[in-house]
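The next block holds one structure in the form of C-alpha cells; read it before the comments.
The values are calculated or read from the model by the stated rules, or taken from the named source; none is laboratory data. Computed from a predicted model, the values in this text were never measured in an experiment. As a convention, Cβ positions derive from the backbone with ideal geometry for all residues, glycine included, and neighbour counts pool all protein chains shown. Areas reflect the complete protein model, heavy atoms only, side chains present, ligands, DNA and RNA absent. Shrake-Rupley method; radii C 1.70, N 1.55, O 1.52, S 1.80 Å.
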Amino acid sequence: MVMCMNRNLKIIICWLFLLTCTGTGTLCLFAENPLQRLVEGNERYMHSTTSYAKDWDIKRSSLIQKQTPFAVIVCCSDSRVPPEIIFDQSLGDLFVIRIAGNVVDDFALGSIEYALSVLNAPLIMVLGHAKCGAVEAALTGAKFDNHIQNIVRAIEPAVKSVKDEPADERLEKAIKANVRNVIAQIKSAQPTIAPLVLKNSVHIVGGYYKLDSGRVELIN
Ligand SMILES: [Zn+2]
C-alpha cells in the first residue's frame with residue numbers, strides 16, 4: 001500500500017514537472033531538485049529515518065555569513081506541522097512563514113519577497129493540513145471579537161467555494177481550496193513576486209499534510 005502510494009506520488013510529481021517545463025526550458029534546471037528535496041525529506045520523516053539533528057555546531061558555523069534556503073514554506077502555526085521536521089530539513093534550508101490557516105498578509109508577502117529577491121529561493125510551497133482549526137472555524141461560521149476574526153475572514157472565500165460539497169468532505173476540500181487561493185494571491189502579488197512567477201524564476205506548489213501518516217500530498 002505504502003509503495004503504491006509512493007509510486008502514485010512520483011507519477012504526480014513527474015506529471016507536474018512535465019506540465020510546468022513545457023515551453024519554458026529553464027524552470028527544470030532549478031525547480032525540480034528543491035521539490036524533490038522536500039518530497040524525499042518527507043519520506044524520511046514518515047519512516048522515522050530522519051537525517052538531521054546532528055553536528056549542530058558545524059551547521060551553525062557554516063551559516064553565520066549567509067543563508068541560502070532552497071524553499072519558502074507558507075504554513076499554519078499549528079504545533080503539529082513544523083516544516084523543518086516534517087520535511088527533514090536543517091538550519092538554513094527552509095524560509096518559513098507561519099500564520100494560522102496558512103493565509104498571507106502584507107508582512108508575509110514582504111517576507112516572501114525577501115526570500116525570493118534577496119535570498120534567491122527558487123520554490124514556494126503553501127502547505128495546508130488536515131483538521132486545520134482555522135479553516136474549521138471559518139467553515140462553522142464562528143465569530144470572534146478579536147484578531148482571530150481577521151484570519152477567519154481571509155479563509156471565507158475557500159469556505160464559500162465548497163458549500164455544495166458533501167458535509168463529510170467539506171473541511172478537507174475547504175483546506176485545499178484555501179491553499180489554492182493563497183497560491184493565487186502570492187502569484188499575483190505586485191511588484192516583486194508576480195514578475196518572478198511570469199519569468200519562471202520561482203515555482204509555487206501546494207501541499208496537504210496528513211496528521212495520521214505524516215505524508216505531504218501535492219495539491220494540483
Ligand atoms: Zn491549521
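Quick notes on this structure:
- The calculated P(r) of the range 129-220, using every Cα pair and 10 Å bins from 0, goes 16, 40, 32, 12, 0 in percent.
- Listed residues 46, 125 arranged by accessible area, highest first, probe 1.4 Å: 46, 125
- For the range 41-102, a/c is not less than 1.5, where a ≥ b ≥ c are the root eigenvalues of the C-alpha gyration tensor, and a/b does not top b/c. That puts it in the oblate class.
- Residue-wise HN-Hα coupling along the range 204-212, computed from phi with Karplus coefficients 6.51, -1.76, 1.60 (Hz; x: Gly, Pro): 10, 10, x, x, 10, 8, 9, 5, 6
- Shape category assigned to the range 65-133 from the gyration tensor of Cα positions, a/c cut at 1.5: oblate
- Of 175, 117, 141, farthest towards positive along the dipole that unit charges on Lys, Arg, Asp, Glu beta carbons give the range 95-220: 117
- Between residue 74 and 97, 125, 126, 127, the built amide H atoms are under 5 Å apart, and every one of these is 5 or more places off in sequence or on another chain.
- Ordering of 166-174, 145-153, 201-209 by packing [mean C-beta count within 10 Å, highest first]: 201-209, 166-174, 145-153
- Ranked order, 106, 88 - accessible area, probe 1.4 Å, largest first: 106, 88
- Distant-in-sequence amide H partners of residue 219 (H built 1.01 Å from N, under 5 Å): 206, 207, 208
- Between residue 98 and residue 63, the contour length at 0.36 nm per residue exceeds the alpha carbon distance by 10.4 nm.
- For the cross-link pairs 131/160; 143/163; 143/210; 176/210, the ones whose C-alpha atoms lie over 20 Å apart are 143/210.
- Three-way shape call for the range 31-71 based on the alpha-carbon gyration tensor, with the a/c threshold at 1.5: oblate
- Exposure of residue 49 as accessible area (Å², to 10), given a probe of 1.4 Å and all protein chains: 80
- The accessible-area ordering, largest first, of the residues 64, 183 stands as 64, 183, per a 1.4 angstrom probe.
- Note on residue 98: accessible area is roughly 90 Å² with a 1.4 Å probe, heavy atoms of protein only.
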